[in-house]
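The values are calculated or read from the model by the stated rules, or taken from the named source; none is laboratory data. No experiment lies behind these values; they were computed from the predicted model shown. Quick reminder, even Gly has a Cβ in these numbers, built from the backbone with ideal geometry, and neighbours come from all protein chains shown.
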Amino acid sequence: MTNWGDCLTTMRTGAPLVQNITNYVSMNIMANTMLAAGASPAMVHANEEAADFAAIAQALTVNIGTLSEPWVQSMVEAATVMNDNAKPWVLDPVATGATTFRSSTAAQLLALKPTIIKGNASEIMALSGATAAGKGVDAVHGVDAAEAHATALAQANTAVVVVTGPVDFITDGQTSYRVSNGDALMPRITALGCSLGGIISAFAATQPPLQAAVAAVTYFGLAGELAAEASTGPGSFQPAFLDALYNITPEIMSECAQVELI
Amino acid sequence: MTNWGDCLTTMRTGAPLVQNITNYVSMNIMANTMLAAGASPAMVHANEEAADFAAIAQALTVNIGTLSEPWVQSMVEAATVMNDNAKPWVLDPVATGATTFRSSTAAQLLALKPTIIKGNASEIMALSGATAAGKGVDAVHGVDAAEAHATALAQANTAVVVVTGPVDFITDGQTSYRVSNGDALMPRITALGCSLGGIISAFAATQPPLQAAVAAVTYFGLAGELAAEASTGPGSFQPAFLDALYNITPEIMSECAQVELI
Amino acid sequence: MTNWGDCLTTMRTGAPLVQNITNYVSMNIMANTMLAAGASPAMVHANEEAADFAAIAQALTVNIGTLSEPWVQSMVEAATVMNDNAKPWVLDPVATGATTFRSSTAAQLLALKPTIIKGNASEIMALSGATAAGKGVDAVHGVDAAEAHATALAQANTAVVVVTGPVDFITDGQTSYRVSNGDALMPRITALGCSLGGIISAFAATQPPLQAAVAAVTYFGLAGELAAEASTGPGSFQPAFLDALYNITPEIMSECAQVELI
């Protein structure tokens, strides 16, 4: 079994420069989670420089939370640079299925073959072509319902697929994991799911994608558990969560990881 | 007299999906206040999808804090969908009067007949045509000075009008209320007023507009009081405020509401 | 020697209206730091109103963190209004050197003669024409390496130049200071450096630029020290930092300022 604490050490030692093209709601907290974790985030999305910056970034996060045509173009260009240089990128198809614009953009980005795809059950089902329209950005389906779709999606796209929920499901189409770390308060903080996308990118910049995704999801969920213990609501949860990301040691991570190989 | 705690229960039970077209400064905290309160916020403003999303949203917030032409178009389209489907929408004319662009956009949106209009005294006076130029986003007039303008604005537009300040004034042109809940630290946190707009939308999605506006303003002000008691400045106020929104029960709300029917 | 506490009093008494054209990541925290400090920030960047608003603002911050062509145009127009009315403006050339778009925009803005230029060592070196490419937004050079470049930049542009780092260096080309206030946690919070730009603008709106820059940097660093004492990581640091900005008195500032005239 992988030593999950070692995965955290690997990420922190690399301190990877990660480019994030993400929605306005998430930019600040995604950058803060990545800095707390030990990565070097850069929020660079302008057409005039997205591809240039991708050339120096070690990984890329593409999140479609607040879209516009010029940003979609930047996403395509930056992802192409990552592909051309065999560097990893993560797709977060936020609320795909809720509008035609979102679904068609997610499909366009999926065709570019992301290294890792992360979404809630409704998003992964919508992306895989199952008839599933999300209620805005919040999942209306359970993770269980999405597992088969996730596996098919992984196989069809040679990608790692992460389905987030009370118990997360992560698969590369052959090997699958369930991660039980996490807390029920987490969906009550906006853009925390988006931030996980950035953390996955940071891990993926420094290690193989399946291991990276499982380690990132575990680390993030564990920080959520520690934060929930130290907080009295979603407000006090946030500073406690960033503190936990910063203070979790590889030893704590190895000890508290609740990862099941299926 | 209305049982204000019941209004909170009604909103939380509905857990309404609310679309928000709001400024960049407020997006994160508005979404977080709405999640903490128990609503389901979605920040969707792109031209390609604003109207599509309005079709599934239960209420809409339109905030002109950081404007651009494409966003104004999205605001108009989404508001029109709400009107066509008899769903409520809230206009927050941030800093109207400060620039010609703001004033003309606010007038354009006002003509679309928002269900509820919320602003500080300077904004409401500027919107009602009184000669009042705000100092940026902060009010330079007292609520008292704006009450007659608010009543006239409500009558002329068949809208509920909310004037925020140390004591809030809320009217539909016939019936009026004053709400004394709140704390002096609240204007020291950016976009807290914007966030109130989202909370009003969440209440309005599930109950009549005048009742919704009074209940939302009371709930928000009460959370401010509880947060101020638990904090030592505007920094610690923020997590305490979100915690309070999350932890206020209908019983606390009924007990602590300081609402006066005029 | 200047009484640094008096500089804080001067800024708070003025409560200046400061326009900020800044990146998406920083907007919320920059506004919150400025409100906590006692200034009146306004985030106004749209082409349709940037110049109009500059006419009423007392100072302007221009931060190139997330660029686009229309915003560059707004930056140029607003800066021109400031120059034409002899009002101060601050340039923060975030990550200049990392992409061609950034470098050319920074050069274009530099040609407009900012009152104060603030950057980390890598940014100041890149702006001054030294061959230095930053690693995204984080400095890879020490402050020492940038001091001569900063002095030359100040002389060539009749500007005050601030180089941020563990010990900050501030110069107008003739007189130079080092400020030792600050804490190692500060670079672990995103957009805190950007926020400093807004605080410098607030001070510059009410006093001469060199004194304003030194006082602002000292005040900001001191708040960081107090916040670090009260926190257990970068998450709890943030509310503690805003509380410190709010609670630092002129007496505390005079007593704890670690400013060295070189």
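Considering (1) within 13 Å of chain A (Cβ to nearest Cβ); (2) farther than 19 Å from B:Thr206 by Cα, the lone condition that B:Val76 does not fulfil carries the number (1).
Across the stretch C:13-21, a minimum of one residue is classified as under 29 Å from A:Ala50 (Cβ atoms) and out of contact with any Leu (no Cβ under 6 Å at 6 or more places or on another chain). The single condition among (1) in contact with a Leu (Cβ under 9 Å, 6 or more places away or on another chain); (2) of a type outside the set (Phe, Trp, Tyr); (3) at pLDDT 95 or above that A:Leu60 does not satisfy is (1).
Kindly indicate whether B:Ala46 is at negative phi, touching a Gly at 6+ places or on another chain (Cβ under 9 Å), part of a loop (DSSP other than H, G, I, E, B) and within 11 Å of chain A (Cβ to nearest Cβ). Spelling it out, it is not the case that B:Ala46 is at negative phi, touching a Gly at 6+ places or on another chain (Cβ under 9 Å), part of a loop (DSSP other than H, G, I, E, B) and within 11 Å of chain A (Cβ to nearest Cβ).
I want to confirm something. Restricting to the stretch B:230-250 and keeping residues that are within 29 Å of B:Ser176 (Cα to Cα) and part of a helix (DSSP H, G or I), which single residue is farthest from the other protein chains (Cβ to nearest Cβ)? So that I can check it myself, show each step before the final result.
The first filter runs over the stretch B:230-250 and keeps only residues within 29 Å of B:Ser176 (Cα to Cα), leaving B:241-242, B:244-250.
Among the residues that remain, those that are also part of a helix (DSSP H, G or I) are: B:241-242, B:244-247, B:250.
On the way: B:Phe241: 6, B:Leu242: 3, B:Ala244: 8, B:Leu245: 8, B:Tyr246: 4, B:Asn247: 6, B:Pro250: 17 Å.
Across the stretch B:230-250, the extreme among qualifying residues is B:Pro250.
Among the residues of the stretch C:171-198, those identified as hydrophobic (A, V, I, L, M, F, W, C) and farther than 16 Å from C:Pro93 by Cα are C:Val179, C:Ala184, C:Leu185, C:Met186, C:Ile189.
Listed by first and then second residue, the pairs linking a residue in the stretch B:20-46 that is farther than 15 Å from B:Leu192 by Cα to a residue that is hydrophobic (A, V, I, L, M, F, W, C) and assigned to a strand (DSSP E or B), with Cβ atoms under 6 Å apart and 6 or more places separating them unless they lie on different chains, are B:Ile21/B:Val62; B:Ala39/B:Val18; B:Ser40/B:Leu17; B:Pro41/B:Val18; B:His45/B:Ile21. Scan the stretch C:148-157 and give yes if some residue there is in contact with a Phe, Trp or Tyr (Cβ under 7 Å, 6 or more places away or on another chain) and either closer than 26 Å to C:Pro239 by Cα or aromatic (Phe, Trp, Tyr) (or both), otherwise no. Taking every residue of the stretch C:148-157 in turn, none turns out to be in contact with a Phe, Trp or Tyr (Cβ under 7 Å, 6 or more places away or on another chain) and either closer than 26 Å to C:Pro239 by Cα or aromatic (Phe, Trp, Tyr) (or both). Here the condition is being in contact (Cβ under 8 Å) with a residue 60 or more places away in the chain and either buried (at least 20 other Cβ atoms within 10 Å of the Cβ) or out of contact with any strand residue (DSSP E or B) (no Cβ under 8 Å at 6 or more places or on another chain) (or both); of C:Leu196, C:Leu261, it holds for C:Leu196 alone.
More than 14 Å from chain B (Cβ to nearest Cβ), within 23 Å of C:Val162 (Cα to Cα) and not basic (Lys, Arg): which single residue out of C:Ala31, C:Ala37, C:Ala59, C:Ala95 fits that description?
Working: C:Ala31 fails: more than 14 Å from chain B (Cβ to nearest Cβ); C:Ala37 fails: more than 14 Å from chain B (Cβ to nearest Cβ); C:Ala59 fails: more than 14 Å from chain B (Cβ to nearest Cβ).
From the options C:Ala31, C:Ala37, C:Ala59, C:Ala95, the qualifying one is C:Ala95.
Please work out if C:Asn83 is outside any loop (DSSP other than H, G, I, E, B), modelled with pLDDT of 95 or more, under 17 Å from the mean Cα position of the chain (by Cα) and over 23 Å from B:Thr105 (Cα atoms).
Values: outside any loop (DSSP other than H, G, I, E, B): yes; modelled with pLDDT of 95 or more: yes; under 17 Å from the mean Cα position of the chain (by Cα): no; over 23 Å from B:Thr105 (Cα atoms): yes.
Spelling it out, it is not the case that C:Asn83 is outside any loop (DSSP other than H, G, I, E, B), modelled with pLDDT of 95 or more, under 17 Å from the mean Cα position of the chain (by Cα) and over 23 Å from B:Thr105 (Cα atoms).
When residues in the stretch C:54-71 are screened for being assigned to a helix (DSSP H, G or I) and surrounded by fewer than 20 Cβ atoms within 10 Å (Cβ to Cβ), 4 of them pass. Can you say whether B:Gly221 is touching a Gly at 6+ places or on another chain (Cβ under 8 Å), not in a helix (DSSP H, G or I) and not β-branched (Val, Ile, Thr), as far as the supplied structure shows? No: the conditions fail for B:Gly221. Restricting attention to the stretch C:1-20, the residues being surrounded by 24 or more Cβ atoms within 10 Å (Cβ to Cβ) and part of a strand (DSSP E or B) number 3.
So which of C:Thr22, C:Thr66 ends up being closer than 22 Å to A:Ser26 by Cα, within 13 Å of chain B (Cβ to nearest Cβ) and in contact with an Asp or Glu (Cβ under 9 Å, 6 or more places away or on another chain)?
Numbers: C:Thr66 fails: in contact with an Asp or Glu (Cβ under 9 Å, 6 or more places away or on another chain).
Just one listed residue meets the conditions, C:Thr22.
Taking the stretch B:241-256 as the range and being of a type in the set (Gly, Ala, Ser) and either without any contact (Cβ under 8 Å) to a residue 12 or more places away in the chain or buried (at least 24 other Cβ atoms within 10 Å of the Cβ) (or both) as the test, only B:Ala244 passes.
Being crowded, with 24+ Cβ neighbours inside 10 Å and among the small types (Gly, Ala, Ser) is the filter here; which residues of the stretch B:105-130 pass it? Residues satisfying the conditions are B:Ala106, B:Gly119, B:Ala121, B:Ser122, B:Ala126.
For the stretch B:201-223, enumerate the residues that are surrounded by 24 or more Cβ atoms within 10 Å (Cβ to Cβ) and over 13 Å from the mean Cα position of the chain (by Cα). Correct list: B:Leu222, B:Ala223.
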